[in-house]
Amino acid sequence: MSNAPPTSSSGIDLYHFPTPNGLKATVAFEELKSLGVDVKYTSHFVNIMKGETRAEWYTEISPNSKIPAIVDHDRNGAKVWESGSIFLYLAKHYDTSYKLHFENDQEEAEMISWIFLGNTALGPQAGAVWGLSHHPEKQRTAMKTHIAEVKRLYGVYEKRLTEGGGREYLVGAGKGKFSFADIAAITWVRIAPMSTGDPTILANSFPNLFAWSERILAREGVKKGIPEGEYFNQMRSQEGWEEGIKKGMEWVWEEDEAEEGDKKRKKDEL
Ligand SMILES: N[C@@H](CCC(=O)N[C@@H](CS)C(=O)NCC(=O)O)C(=O)O
């Protein structure tokens with residue numbers, strides 16, 4: 001689609017692609033719909049692999065040439081880009097019964113903080129691991145730095161989820177309430193194997209984050225928002241995918257192991 005798709009006459013046009021940032025938007029819309037919120041959206045794929053985000057028609061909607069973005073024909077054609085901005089826009093104008101956000105000011109502020117953490121820290125760090133894993137020049141130091149940061153961030157989420165004897169969701173009184181804060185993190189947390197090279201990292205090292213992710217991925221709206229054909233779903237449907245992921249990331253650690261071996265040999269020789 002290098003030309004603009006037909007514009008809807010009403011409702012919201014959503015421009016996206018099934019990447020973790022794009023999925024945040026489809027999950028948000030599908031969750032709102034499954035919770036009974038009256039929001040109508042039409043989905044348009046913008047193929048990021050073919051550079052369609054840089055087409056002129058698209059940069060008029062999303063000046064930073066990224067998905068997701070929306071145009072709201074029911075509100076004077078308002079254009080909103082950046083997944084976090086889309087959450088806040090939907091919260092303000094559509095989710096007026098607080099299904100995915102909070103009436104209480106303090107809780108709303110906490111939700112916004114967790115949305116920003118997902119969007120400014122977890123997403124970019126995990127995204128960097130993904131990006132570098134496709135680079136033939138194999139930048140080991142950068143890769144290690146980003147993986148370490150992703151793991152540190154998992155620790156931040158893990159700690160939050162252990163508070164008060166265990167929370168079910170990131171924000172909200174008691175055990176919390178599912179909100180945009182959770183959506184801002186889940187599409188990245190679910191691909192933890194790809195972000196770390198370790199297929200069992202969540203279950204083994206971050207049990208509360210793992211339980212949280214399973215809880216969220218079982219939700220009706222979340223399942224609808226993440227299509228079967230999406231990259232990670234496809235990968236996981238293939239036998240031996242765990243081994244494939246580990247092998248694909250071996251280059252990050254293999255020289256370390258060789259160095260460790262050298263150090264040990266030298267020590268033994270002394
Ligand atoms: N902070 C942005 C990140 C958006 C983003 O990085 N989108 C990527 C896909 S995950 C994209 O559009 N890449 C296409 C390109 O750079 O041309 C958000 O949360 O919306």
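Remarks
- Flag if H93 is within 20 Å of L35 (Cβ to Cβ), open to solvent by 30 Å² or more (accessible area, probe 1.4 Å) and modelled with pLDDT of 95 or more: yes
- Members of the stretch 67-80 that are surrounded by fewer than 19 Cβ atoms within 10 Å (Cβ to Cβ) and more than 15 Å from S8 (Cβ to Cβ): none
- Set side by side, the residues A142, A184 differ, and just one is among the small types (G, A, S) and either modelled with pLDDT of 95 or more or under 27 Å from H101 (Cβ atoms) (or both), which is A184.
- S83 out of contact with any strand residue (DSSP E or B) (no Cβ under 7 Å at 6 or more places or on another chain) and hydroxyl-bearing (S, T, Y): yes
- Scanning the stretch 116-126 finds one or more residues that are touching a residue at least 12 places away in the same chain (Cβ under 8 Å), surrounded by fewer than 21 Cβ atoms within 10 Å (Cβ to Cβ), out of contact with any Leu (no Cβ under 6 Å at 6 or more places or on another chain) and among the hydrophobic types (A, V, I, L, M, F, W, C).
- When K79, K99 are screened for being modelled with pLDDT of 95 or more and closer than 27 Å to V156 by Cβ, only K99 passes.
- Residue match in the stretch 182-204 (condition: more than 25 Å from G22 (Cβ to Cβ), among the polar types (S, T, N, Q) and open to solvent by 40 Å² or more (accessible area, probe 1.4 Å)): yes
- Tally, over the stretch 132-146, of residues that are surrounded by 14 or more Cβ atoms within 10 Å (Cβ to Cβ) and within 16 Å of the ligand (Cβ to nearest atom): 3
- Only residues that are open to solvent by 10 Å² or more (accessible area, probe 1.4 Å), part of a helix (DSSP H, G or I) and not polar (S, T, N, Q) were counted across the stretch 156-168, and they come to 7.
- Filter result (farther than 15 Å from P199 by Cβ and of a type in the set (D, E)) within the stretch 229-256: E230, E254, E255, D256
- Residue within the stretch 110-119 that is small (G, A, S), assigned to a helix (DSSP H, G or I) and either more than 21 Å from the chain's Cα centre (by Cα) or modelled with pLDDT under 95 (or both) present: no
- When the test is whether a residue is out of contact with any His (no Cβ under 8 Å at 6 or more places or on another chain) and open to solvent by 50 Å² or more (accessible area, probe 1.4 Å), I112 passes it.
- If you check L153, L132 for being touching a helix residue (DSSP H, G or I) at 6+ places or on another chain (Cβ under 6 Å), in contact (Cβ under 8 Å) with a residue 24 or more places away in the chain and either in a helix (DSSP H, G or I) or aromatic (F, W, Y) (or both), only one passes: L153.
- Residue match in the stretch 118-137 (condition: assigned by TED's automatic domain parsing to the domain that holds G197, over 13 Å from W251 (Cα atoms), among the hydroxyl-bearing types (S, T, Y) and out of contact with any strand residue (DSSP E or B) (no Cβ under 9 Å at 6 or more places or on another chain)): yes
- Count of residues meeting criterion [within 20 Å of H101 (Cα to Cα) and surrounded by 15 or more Cβ atoms within 10 Å (Cβ to Cβ)] in the stretch 26-66: 13
The values are calculated or read from the model by the stated rules, or taken from the named source; none is laboratory data. Keep in mind that what you see is a predicted model, and the values were worked out from it rather than measured. When we count neighbours, we look across all protein chains shown, and the Cβ atoms used for this are built from the backbone with ideal geometry, even at glycine. Accessible surface is based on the protein model in full, side chains and every heavy atom, while ligands, DNA and RNA are left aside. Shrake-Rupley method; radii C 1.70, N 1.55, O 1.52, S 1.80 Å.
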